[in-house]
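Single-structure report; data block below.
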Amino acid sequence: MLYPSRTDIPDHVPPERIADYDTFHVDAPDGDFAAAMVRLRDSGVPDLFWTQRNGGHWVATSGALVRHILEHGETFSNRAMRVPKQANPAVPIIPLMIDPPDHAHYRRLLSRAMTPAEVKKLAVVARELSIGLIEELEPKGQCEFVADFAQQMPIAVFMSMLDLPPEDRPVILAIVGRIIRPDVPEMRHKGFADLADYTMAKVRGRRAAPAGDLISQLTRAEIDGRPLRDDELQGLMSVLMLAGLDTVASMLTFITRFLALNPAHRDDLRARPAIMTEAIEEFLRRMAMVNLTRELAEDTVLGGVTLKQGDLIVAPTALCNFPNDGEGGEGGAADDWLKVNFNRPRIVHATFGAGAHYCMGSSLARAEIRIYLEEWLTRIPDFAIAEGAALEVKVGAAAMIPSLPLVWKVRG
Ligand code: HEM
């Protein structure tokens, strides 16, 4: 299926609110996605504009509007999570694509996988794997960070969460790649179909031989006094794969790019381990990379503009994290927000979203970032981006640097 690359402009879109913008392409040759989003905001585009690309949709570029959209799910529905509309999966990803009130029932089913005790257990797996990987990499003096480390830890955590066999790892990686960063948008459908086949094969296996793992628990779970249907099970398992793998890999890669370029921050983290919690929060603020999408459930007026039921709107989470002068913010001038400052008095961000769909894996994600920072900086304290490496940013639901070659001096 081919999606229209450009669409007609609907009558309700005022001409002064039109800009030519492709949400899947960003001008960030230095690999700094969030800074590119700030440049877009400051480029003179309206704070809410319409683009004809990718099926035609709105884009909000002020932090206040993005937050408003995320916090008003009754108007800005999650039933579409991507542009164009046709790119959305036929079977909803649950609870991500479900609106209140049903959303809460489904969300509860997954919450037992995200308790502090569960996160602690998963952190043990993540730390063991990280130490093993880094100790293997260190004597080589180089690596391609994304494939060699960033994707490995979240996959190990996800597989442990669902008790999946290690040999499934390449299959999972391939499916995630097709869905999150397809070469052509149509490839996403193939990714969703593969994901459905994979997850349902696992469900059938656990139905035949139930155990204590999350998949088995979900096959026994009930909603409104009835067992979950296959499509619901599929949606619930898909979310863990879609929401938990690429986001963490992407965040680790953006942080590592920054640390490779900023030795003073590396030294600071090693010298003052007590600031780790604040440092993680500041990295999360500075490196936000999820552009959310909502569908208008009803006509509404936003920022003085009429939006119509069925319109899609892209809400970049990063733009909540860099208040511009008009939006105040306690941290100082707009420029200052682009700096990574571990000593900010107060760090507020929407990197994990806001409102009813706030990320369920935020504690797990923070634990994974901490483990990476602690174990990597202990074993590979000084590193740089390989000379001549060309960085690029690929944008899907989450933006990502697909390849980050690193070098360091091997310790004698
Ligand atoms: C740095 C890493 C991560 C980032 C930046 C991130 C970001 C987000 C964002 C922005 C949302 C809101 C989606 C929306 O409003 O439509 C979200 C939802 C969600 N995230 Fe994360 N996430 C991360 C890691 C994780 C991890 C590790 C997991 C667990 C496996 C996870 C599980 C979820 C789930 C289940 C939802 C859906 C919640 C709902 O719809 O109620 N995330 N995430």
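The values are calculated or read from the model by the stated rules, or taken from the named source; none is laboratory data. Quantities reported herein were computed from a predicted structural model and do not represent experimental measurements. Every residue, glycine among them, receives a Cβ derived from its backbone with ideal geometry; neighbour counts consider all protein chains shown.
What to note about this one:
- Number of the condition not met by D30 [criteria: (1) in contact (Cβ under 8 Å) with a residue 12 or more places away in the chain; (2) outside any loop (DSSP other than H, G, I, E, B); (3) among the charged types (D, E, K, R)]: (2)
- Qualifying residue in region 309-331 (condition: polar (S, T, N, Q), in a strand (DSSP E or B) and touching a strand residue (DSSP E or B) at 6+ places or on another chain (Cβ under 6 Å)): no
- Applying the condition of being among the aliphatic types (A, V, I, L, M) and within 16 Å of the ligand (Cβ to nearest atom) to region 128-154 and asking which residue is farthest from A386 (Cα to Cα) yields L129.
- Within region 295-313, considering residues that are hydrophobic (A, V, I, L, M, F, W, C) and within 14 Å of P14 (Cα to Cα), the one surrounded by the most Cβ atoms within 10 Å (Cβ to Cβ): L307
- When E327 is tested against (1) in contact with a Ser or Thr (Cβ under 8 Å, 6 or more places away or on another chain); (2) modelled with pLDDT of 95 or more, only condition (2) is not met.
- Yes/no for P345 being touching a Gly at 6+ places or on another chain (Cβ under 9 Å), assigned to a loop (DSSP other than H, G, I, E, B), at pLDDT below 95 and farther than 14 Å from R67 by Cβ: yes
- Flag if G396 is small (G, A, S), farther than 30 Å from A117 by Cα, crowded, with 16+ Cβ neighbours inside 10 Å and at pLDDT below 95: yes
- Selection count where residues are near the ligand (Cβ under 6 Å from one of its atoms) and under 23 Å from A315 (Cβ atoms), scope region 357-373: 5
- Boolean, P95 is under 28 Å from T199 (Cα atoms), in a loop (DSSP other than H, G, I, E, B) and over 20 Å from the mean Cα position of the chain (by Cα): no
- Flag if T115 is more than 22 Å from A365 (Cβ to Cβ), hydroxyl-bearing (S, T, Y) and surrounded by fewer than 17 Cβ atoms within 10 Å (Cβ to Cβ): no
- Flag for P100 being over 21 Å from the mean Cα position of the chain (by Cα) and closer than 15 Å to L319 by Cβ: no
- Taking first residues from region 350-376 that are more than 17 Å from N291 (Cα to Cα) and partners that are more than 6 Å from the ligand (Cβ to nearest atom) and acidic (D, E), no Cβ contact under 6 Å between residues at least 6 apart in sequence or on separate chains turns up.
- Only one entry in R39, R17 is at negative phi, buried (at least 17 other Cβ atoms within 10 Å of the Cβ) and out of contact with any Cys (no Cβ under 8 Å at 6 or more places or on another chain), namely R17.
- Only one entry of L292, L284 meets the criterion of being over 30 Å from V410 (Cβ atoms) and part of a strand (DSSP E or B), and that entry is L292.
- Selection of helices (runs of 4 or more DSSP H) fully inside region 102-199 by the criterion of at least 3 residues being out of contact with any strand residue (DSSP E or B) (no Cβ under 7 Å at 6 or more places or on another chain) and farther than 21 Å from I401 by Cα returns 102-111, 116-137, 152-161.
Yes or no, residue by residue, for (1) more than 24 Å from Q234 (Cα to Cα); (2) buried (at least 21 other Cβ atoms within 10 Å of the Cβ); (3) among the charged types (D, E, K, R); (4) within 17 Å of the chain's Cα centre (by Cα):
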| site | (1), (2), (3), (4) |
| --- | --- |
| E136 | yes, no, yes, no |
| C143 | yes, yes, no, no |
| P154 | no, yes, no, yes |
| S160 | no, no, no, no |
| D163 | no, no, yes, no |
| P170 | no, no, no, no |
| R178 | no, no, yes, yes |
| L195 | no, yes, no, no |
| Y198 | no, no, no, no |
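- Residue check, R206 among the basic types (K, R) and either outside any helix (DSSP H, G or I) or closer than 26 Å to S363 by Cα (or both): no
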